[in-house]
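Participant: Below are the structure tokens for one structure; questions will follow.
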Amino acid sequence: MSATTVKKRFKPTRETVLALIVLAFLLFLSGTTNFASRSGLYSFMLDVSPTIVAAIGVGMVIFTGNIDISLGTMSGFVAYTAGALVKAGAPMIVFVPAAILVGVFLAGLNGFITVKFKVPSIVVTLAMNMVHVGFYATFLPQSGWIENLGPRFTWFGRGRFFDVIPYTFVVAIVIAVFFVFVMKYSRFGKTLYAVGGDAQAAVYSGIDPDKTVMKVFLLEGFLIGISALLRAMTRNEVMPSVFIGRELFFISAALVGGISIAGGSGKIVGAVFGAMFVYLLTITMIYFGFQDYYQFALQGVIILMAVYITVTDFGRFNRLLRRITGRPPVHS
Amino acid sequence: MSTSNILEIQGIDKQFPGVKALSNVHIDLREGEVHAVCGENGAGKSTLMKIICGVHKPDSGTILLSGEPYTVENPNEAYARGIAIIYQESSLLPELTVLENIFMGHEPQKPIVPFLPAVKMIDYPSMRAKASSIFERLGMQIDLDAIVGTLGVATKQMIEIAKALTFDSQILILDEPTAALTSREVETLFETIRKLRAEGQSMLYISHRLDEIFQIADRVTVLRDGEYIETAPVTSVDKNQIVSWMVGRTLTNLYPKEEVEIGDVVLSVEGLCQEGVLDDIDFVARRGEILGIAGLAGAGRTELALALCGLTQPDAGEISLNGERVSFESYRSAMDHGIVYISEDRQAYGLVLPMMLRVNITHKVLPSISNLFGIIDRGQERGITDEYIEKLDIRAPDGDFVVNNLSGGNQQKVSVAKSLAVDPQILILDEPTRGVDVGAKSEIHRIISGLAKMGKTILLISSDLPEILGMSDRVLVMKTGTKAGEVMRRDMTQETILGMAL
Amino acid sequence: MTAKRINLSILFSHQTVLFFLLVCLVVLFGLIEPVFFKPRVLFDVLAIVGEVGIMALGMTFIISTGGVDLGVGYELQVSAIVFGLTYTTTQNTVLAIVLAMLTGTVAGAFNGLVISRTRIPPLVTTLATMYLYRGISMIIAGTDTFAGFPEGFLKISTIELFGFLPIQSVYFVTLFLIFDYLYRRGSLGRNLKAMGFNENAVNFSGVNTRRIKFAIYTLTGFLCALAALIYLGRISAAKTSIGDNLNFEVITAVLLGGTSIMGGVGSMRGTFIGVLIIGVLKKGFTLLNFSGNIYNFTLGLILILSLIVFAVLEEKEKSAGRVAAAAPGAVG
């Protein structure tokens, strides 16, 4: 048993590969379109921010081996709450926390049913999706549509530094950095790996998987709350139903970012680049005149390919990477 | 060495549905000793450990830790009380580094904000320092940033020990730590254990490998069928004494081997190779013969079985049945040729535990008892089920009984029945008595003997040397994927077989 | 012996509870709107659940193995669109039918291929292909509606046997009887359930589980195409809004029926009752002039509540000693 002090070379992890792809995309778009203009960059950053935050949230849920497909509809509730409170005259210090709390509550409910009754999260959130959608139309006045919210609501969402960097993007990046830090420097972060990787091993390490899953759902709710606000506050009106289906972007961002659907592996930074990738793809298609609905087919294919690469990680893909980088083969 | 008891286990009882797992078990662990707990599979060793670490709750009895009553709800509390367990099942996460693994769930932390002591972050420098000192203590050099999944089994085992040591525990419990190790690795492990003992660490060492116990333990406690039998210093007993405590009867009764006329060659294998697993295996097996296949874990015995019955595909080599060359593209085709495999892990591969007896017993014969549309003939189904319940004396009220509710031994019989139902010519039994109590064990041996007498060819894979010695007509010894040798019954001794296997 | 009795009684009580729920719903709607008690209306329930029912049969197979197909609605949609496109361009009904059937079958087969040949879980596979198929049908159809199908074709859904029995109910009930028989008495059904509990053990019994998985997803795709034709016969217009709700309705029917999302336990008869409950809700809400949203909301709620109830029942059953999986001596 000798120390393996192989000198560390550059090793292309999944995240760095993805980052390079994103970079290539940016350069490509800048070269071929007016993407590099002030407005192009601004709208990219504005659009990608909510997805970054939400992808981190759902990414952590996926980490633990669960999933949430009611993200889109939860966002709708958050946006509605904020809008309704603004209409009622609430200041930002009230409506922002209240709206986030709604996200925490809804995600917490998903987590509670998942953990307490051992109903798989996929089914819980699938059903919740329906409940939410039905709720908008049935119980919210005008299906939750509120207009003319005014600058009290939009000043933050539309605000920008140096006329190009949206406030929302700064929020998203701060959150991303914070969670990268959390994953590395908090016990909670380590716990997530353990619970998703091997629940039995986690128990042997003295971790309570149920508690962890519950916590992670609450955290997801918090992040979905922020994500929904980042998007809603850019507009002068809220309409819950526009959020329906947005979970697709969030989930595919997380999966493309290398967060394994089987749980236990992946990086927050991957989810961030995943979100950018997903958006750049969208933008590219729009620039090149593809209709909106090509998105659906493309996202489907992307999810499949991303997950295929992840699950066959220790197979060909890794061997290929290793051959390229000359790292010693894996013994296990 | 002081003689005060650090851990006293008194009168522990534990009942599982249908099984009495432990009754009136007591053990006292002295400070600074290595105390071996031994017993056969199913003797209750693992259950006892799970009670100590809070996975199971005892029905009655008390545990005293340093004289204080000790009750814990989960492994975390056990750690907090100073008891660390090294499990048989790995508790390591392959995707994480050595450092992250050994401190999983209890990383040292430090506050980050001056006036908010509750906000903490993991203190990597102190974690690293602590880890280095532990590995130094173990006399082991390791890259703390290595990904655990890329390391070997033995290294992982040492990491498990290091992980246990991070808890600053008073008591270390090792549950069959050598199960997957090679002999040299075992020696390294033992050195570590001796080193720790010299530092005054108290350890419970669970094993059924007697040689190890004599090498490493100070005292030994024997359990049998969940009952306490005896405790003695290892210097005052010999191996035979412990064996007789463990089995509770003389060995000759345990292996009801019958002399059977051995017929022609049925199966012959030449030059069987499978990349990284099997290397040039040759052997023959005859009608009525029980061919033992011995070797250490990882020697390729199960892999050989899988390749023989079409569950995996060999890269090279020939398999002949009754002189005719065959190759199986699937297990189904091997079964059609009369070869069946009875898996070592009946829970994972052998049986569908939550389903009924008749479903399990007839699973392999379904194609022959159902019609063109796959509709199962209920009469035949019941007939076959009842036949085997009776033949193998499976203790279940009827064929509708759920297999999960049977004892380990009876489950194993169901597993055998399932394969017998296809009326095979060759049976490959992989560890047929693992996890089975002593009574059922000898019943299974009797069944095996009976099958040989009927003219079946049996390949008996076993890690249990006495079983190999007791049952086989001939033994094929394997070592790291190769054939290490063959021994006839008259030349068989533990030493010759072990000599080849190591 | 006791274990077995508990087992049976749970299954029994489950279906009784379900049937009771069905009767209650009928009575409830009947009391509010007496017209509901008319045989005409009750037969109509059978007619409107034809598609859901047919797809639910295949879905029961899939869920029994511990898998799921999230996108059956879009498999139906894409088949319907292909039919519409083919018919409106060629005016050839037979060709349209053949191509539509082929489309659904291929869509299902693709799911089956991915699930049986890669390690991508069914959940992710079908989540991705759901968007893929939806995207494809949107690309084909855009916002167009294909209509004006010939009378002869519409007959497949508009004939009423003996003047009162809608033909769809005949399709559904006939297929149900076949599927139920295969499921209860056939080796297929047995292998499916066994796979749900322990796929390895099934493999080690000499059954090619990959082939079975491929077959059931393909079969479900085929049934979706069949359902698409029946649907078109009834609605007579193919557009991209059809099928949105069906994903959820089909899964709900199966789970309501007592098939466990974890696999291993299932009941075709339960699915049948589940389908009827969905039909009654649908018809009832239509009669009461409730919107589709209230229906979704209720359905989602019913699914969540029923899963919680089943989970609690199962927990009771477990504590009654049915499961002794952690039996001593199992290890070491």
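The values are calculated or read from the model by the stated rules, or taken from the named source; none is laboratory data. The shown structure was predicted, so the numbers you read here are calculated from the model rather than taken from an experiment. Here the Cβ positions follow ideal geometry from the backbone for every residue, glycine too, while neighbour counts run over all protein chains shown. Just the protein is used for accessible areas: all its heavy atoms, side chains included, with ligands, DNA and RNA removed. Shrake-Rupley method; radii C 1.70, N 1.55, O 1.52, S 1.80 Å.
Participant: For region C:263-280, state whether one or more residues are in contact with a helix residue (DSSP H, G or I) (Cβ under 9 Å, 6 or more places away or on another chain), of a type in the set (Gly, Ala, Ser) and open to solvent by 30 Å² or more (accessible area, probe 1.4 Å).
Facilitator: No, the conditions are met nowhere in region C:263-280.
Participant: Do the conditions hold for B:ILE193, that is, is it within 24 Å of B:ALA501 (Cβ to Cβ), away from chain A (no Cβ under 14 Å) and crowded, with 16+ Cβ neighbours inside 10 Å?
Facilitator: yes
Participant: Testing C:ASN296 on (1) crowded, with 17+ Cβ neighbours inside 10 Å; (2) more than 12 Å from every other protein chain (Cβ to nearest Cβ); (3) at pLDDT below 90, one condition comes back false. Which one is that?
Facilitator: (2)
Participant: Here's another thing I want to ask about it. Only residues that are over 30 Å from B:GLY200 (Cβ atoms) and either more than 10 Å from chain A (Cβ to nearest Cβ) or hydroxyl-bearing (Ser, Thr, Tyr) (or both): list them for region B:125-169, please.
Facilitator: Once the filter is applied, which keeps residues that are over 30 Å from B:GLY200 (Cβ atoms) and either more than 10 Å from chain A (Cβ to nearest Cβ) or hydroxyl-bearing (Ser, Thr, Tyr) (or both), region B:125-169 yields only B:THR150.
Participant: Scan (1) closer than 26 Å to B:THR97 by Cβ; (2) open to solvent by less than 20 Å² (accessible area, probe 1.4 Å); (3) more than 11 Å from chain C (Cβ to nearest Cβ); (4) not charged (D, E, K, R) for the single condition A:PHE273 breaks and write down its number.
Facilitator: A:PHE273 satisfies all of (1) closer than 26 Å to B:THR97 by Cβ; (2) open to solvent by less than 20 Å² (accessible area, probe 1.4 Å); (3) more than 11 Å from chain C (Cβ to nearest Cβ); (4) not charged (D, E, K, R) except (2).
Participant: Can you pull out the residues in region A:229-241 that are in a helix (DSSP H, G or I) and in contact with a Lys or Arg (Cβ under 9 Å, 6 or more places away or on another chain)?
Facilitator: A:ARG231
Participant: Looking at region B:69-76, can you tell me whether even one residue there is open to solvent by 70 Å² or more (accessible area, probe 1.4 Å), within 17 Å of B:LEU223 (Cα to Cα), of a type outside the set (A, V, I, L, M) and at pLDDT 85 or above?
Facilitator: no
Participant: Within region B:20-35, track down each residue that is surrounded by 18 or more Cβ atoms within 10 Å (Cβ to Cβ) and within 14 Å of chain C (Cβ to nearest Cβ).
Facilitator: Scanning region B:20-35 gives B:ALA21, B:LEU22, B:SER23, B:VAL25.
Participant: Okay, moving on. Looking at region C:116-136, can you tell me whether even one residue there is over 23 Å from A:ILE122 (Cα atoms) and in a helix (DSSP H, G or I)?
Facilitator: The first filter runs over region C:116-136 and keeps only residues over 23 Å from A:ILE122 (Cα atoms), leaving C:136.
From what's left, in a helix (DSSP H, G or I): C:136.
Checked region C:116-136: at least one residue is over 23 Å from A:ILE122 (Cα atoms) and in a helix (DSSP H, G or I).
Participant: Do you know which of the residues in region B:348-367 that are without any contact (Cβ under 8 Å) to a residue 40 or more places away in the chain and either farther than 24 Å from C:LEU177 by Cα or of a type in the set (Val, Ile, Thr) (or both) is surrounded by the most Cβ atoms within 10 Å (Cβ to Cβ)?
Facilitator: Within region B:348-367, the subset without any contact (Cβ under 8 Å) to a residue 40 or more places away in the chain is B:348-349, B:359, B:366-367.
Still in the running and either farther than 24 Å from C:LEU177 by Cα or of a type in the set (Val, Ile, Thr) (or both): B:348-349, B:359.
Details: B:ALA348: 13, B:TYR349: 20, B:VAL359: 24.
Once the filter is applied, the top-ranked residue is B:VAL359.
Participant: A further question on this structure: Checking A:ALA202 against (1) more than 14 Å from chain B (Cβ to nearest Cβ); (2) buried (at least 22 other Cβ atoms within 10 Å of the Cβ), which test does it fail?
Facilitator: It is condition (1) that A:ALA202 fails.
Participant: Just to be sure I understand, how many residues within region C:126-137 are open to solvent by less than 20 Å² (accessible area, probe 1.4 Å) and within 7 Å of chain A (Cβ to nearest Cβ)?
Facilitator: 5
Participant: Within region C:76-87, identify whether any single residue is under 30 Å from C:PHE197 (Cα atoms) and modelled with pLDDT of 90 or more, and answer yes or no. If you could, list the steps in order and put the result at the bottom.
Facilitator: Quick first cut of region C:76-87, residues under 30 Å from C:PHE197 (Cα atoms) only: C:76.
From the residues that got through so far, the ones that are modelled with pLDDT of 90 or more too are C:76.
Yes: one or more hits.
Participant: Out of the residues in region C:200-219 that are more than 7 Å from every other protein chain (Cβ to nearest Cβ) and open to solvent by 30 Å² or more (accessible area, probe 1.4 Å), state the one that is farthest from C:THR126 (Cα to Cα).
Facilitator: C:ASN203
Participant: Using the structure shown, decide if B:GLY455 is part of a loop (DSSP other than H, G, I, E, B) and either in contact with a helix residue (DSSP H, G or I) (Cβ under 7 Å, 6 or more places away or on another chain) or open to solvent by less than 30 Å² (accessible area, probe 1.4 Å) (or both).
Facilitator: Numbers: part of a loop (DSSP other than H, G, I, E, B): yes; either in contact with a helix residue (DSSP H, G or I) (Cβ under 7 Å, 6 or more places away or on another chain) or open to solvent by less than 30 Å² (accessible area, probe 1.4 Å) (or both): yes.
Here the answer is yes, as B:GLY455 does meet what is asked.
Participant: Can you tell me which residues in region B:261-310 are free of Cβ contacts under 8 Å to residues at least 60 places away in the same chain and at positive phi?
Facilitator: B:GLY271, B:GLY310
Yes/no per residue for (1) over 21 Å from B:ARG224 (Cα atoms); (2) touching a Pro at 6+ places or on another chain (Cβ under 8 Å); (3) away from chain C (no Cβ under 14 Å); (4) part of a loop (DSSP other than H, G, I, E, B):
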{"position": "B:ALA417", "(1), (2), (3), (4)": "yes, no, no, no"}
{"position": "B:LEU429", "(1), (2), (3), (4)": "yes, no, no, no"}
{"position": "B:ARG434", "(1), (2), (3), (4)": "no, no, no, yes"}
{"position": "B:HIS445", "(1), (2), (3), (4)": "no, yes, yes, no"}
{"position": "B:SER449", "(1), (2), (3), (4)": "yes, yes, yes, no"}
{"position": "B:GLY470", "(1), (2), (3), (4)": "no, no, yes, no"}
{"position": "B:VAL477", "(1), (2), (3), (4)": "yes, no, yes, no"}
{"position": "B:ARG490", "(1), (2), (3), (4)": "yes, no, yes, no"}
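Participant: While we're looking at this one, here's another question. Considering only residues that are buried (at least 19 other Cβ atoms within 10 Å of the Cβ) and more than 8 Å from chain C (Cβ to nearest Cβ), which ones fall in region A:133-148?
Facilitator: If the condition is that a residue be buried (at least 19 other Cβ atoms within 10 Å of the Cβ) and more than 8 Å from chain C (Cβ to nearest Cβ), then A:GLY144, A:ILE146 are the ones that fit.
Participant: Mind listing whichever residues of region A:247-260 are assigned to a loop (DSSP other than H, G, I, E, B) and surrounded by 24 or more Cβ atoms within 10 Å (Cβ to Cβ)? Let's see the steps before the verdict.
Facilitator: To start, the set of residues in region A:247-260 that are assigned to a loop (DSSP other than H, G, I, E, B) comprises A:257-260.
A:GLY257, A:GLY258, A:ILE259 - these are the residues of region A:247-260 that are assigned to a loop (DSSP other than H, G, I, E, B) and surrounded by 24 or more Cβ atoms within 10 Å (Cβ to Cβ).
Participant: Based on what the data block shows, is B:GLY408 out of contact with any Asp or Glu (no Cβ under 6 Å at 6 or more places or on another chain) and modelled with pLDDT of 85 or more?
Facilitator: no
Participant: Regarding A:LYS190, is this residue surrounded by fewer than 19 Cβ atoms within 10 Å (Cβ to Cβ) and closer than 15 Å to A:SER265 by Cβ?
Facilitator: no
Participant: I need the helices (runs of 4 or more DSSP H) fully contained in region B:25-114, keeping only those with at least 1 residues that are in the same structural domain as B:HIS208 (by TED's automatic domain parsing) and under 20 Å from the mean Cα position of the chain (by Cα).
Facilitator: Numbers: elements: B:45-52, B:75-80, B:98-102.
The qualifying helices (runs of 4 or more DSSP H) are B:45-52.
Participant: Output the number of the condition that C:ALA147 fails; it satisfies all remaining conditions of (1) farther than 22 Å from C:PHE272 by Cβ; (2) within 14 Å of chain A (Cβ to nearest Cβ); (3) more than 17 Å from the chain's Cα centre (by Cα).
Facilitator: Result: C:ALA147 passes all but (2).
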